[in-house]
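Laboratory data are not the source of any read-out in this text; all were calculated from the coordinates shown. Since the structure is predicted, the reported quantities are computational estimates derived from the model, not experimental observations. In this analysis, Cβ positions are derived from the backbone assuming ideal geometry, glycine residues included, and neighbour counts consider all displayed protein chains.
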Amino acid sequence: MEKLRNLSLWTEEGYHLFAREGLEGLQIERLARILQLNKSGFYHYFGDLEGYCMELTKLHHQKVKIFLEDARQLKTLDPDYLLLLIEHTTTVMFQVQLTRTKDRYSFYNTSELVDLKVNAAVQQLWNDFLGHRHNADLAIRYYYIVRDMFYTRVSFQNFTYAFLHDLVTDAKVLIDQITERRLQSTDKFSL
């Protein structure tokens with residue numbers, strides 16, 4: 001029982017540190033100091049940092065599963081989905097850090113798998129948010145752009161409803177302008 005508790009302590013704390021600081025935050029001595037555990041326990045449970053990172057990605061998949069279960073209940077992108085993102089800030093920020101650290105295969109693979117699952121869950125909310133004026137393929141491509149912009153701009157400090165609302169509202173305005181211009185240029189050629 002003690003072994004499982006200690007294992008959970010190591011992974012939960014590492015999960016939070018990685019979400020906040022990325023791979024640089026995963027320093028074994030620092031983790032041991034924070035947890036007030038012997039660092040030899042780290043090596044006993046995980047072998048090395050690579051083994052530890054694999055455990056963190058497994059934990060991430062578990063947390064994403066919970067996030068997706070919550071997402072299935074949502075009716076709107078704004079405010080429902082945005083508030084869900086805030087409710088799951090650490091999980092979202094862990095995903096952001098995975099995306100920013102794609103040079104490690106296990107991080108890249110986990111990031112891609114999670115993005116696929118989240119994309120599928122949010123696609124209809126995104127289409128509804130845009131107002132059904134776009135075909136689904138084009139709408140999801142716009143979503144990818146906005147998601148990637150979110151990944152580059154977000155931090156724990158600015159992860160607020162106002163930030164998320166402004167991001168998606170600005171994106172919607174821009175997408176509407178692009179769509180309107182495309183329609184106008186199409187109309188000119190059809191005359």
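Data table
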{"quantity": "Computed label-point distance, nm, for sites K58 and T169 using a 7 Å Cα→Cβ extension", "calculated": "4.4 nm"}
{"quantity": "Label-point separation in nm, T179 to R5, each point 7 Å along Cα→Cβ", "calculated": "5.5 nm"}
{"quantity": "Relative contact order of the chain, defined on C-alpha pairs under 8 angstrom at six or more residues apart (%)", "calculated": "21 percent"}
{"quantity": "Test item: Cα-centred dipole of the chain, Lys/Arg +1 and Asp/Glu -1 on Cβ, debye", "calculated": "140 debye"}
{"quantity": "Over the chain, volume per residue of the alpha carbon convex hull, in Å³", "calculated": "121 Å³"}
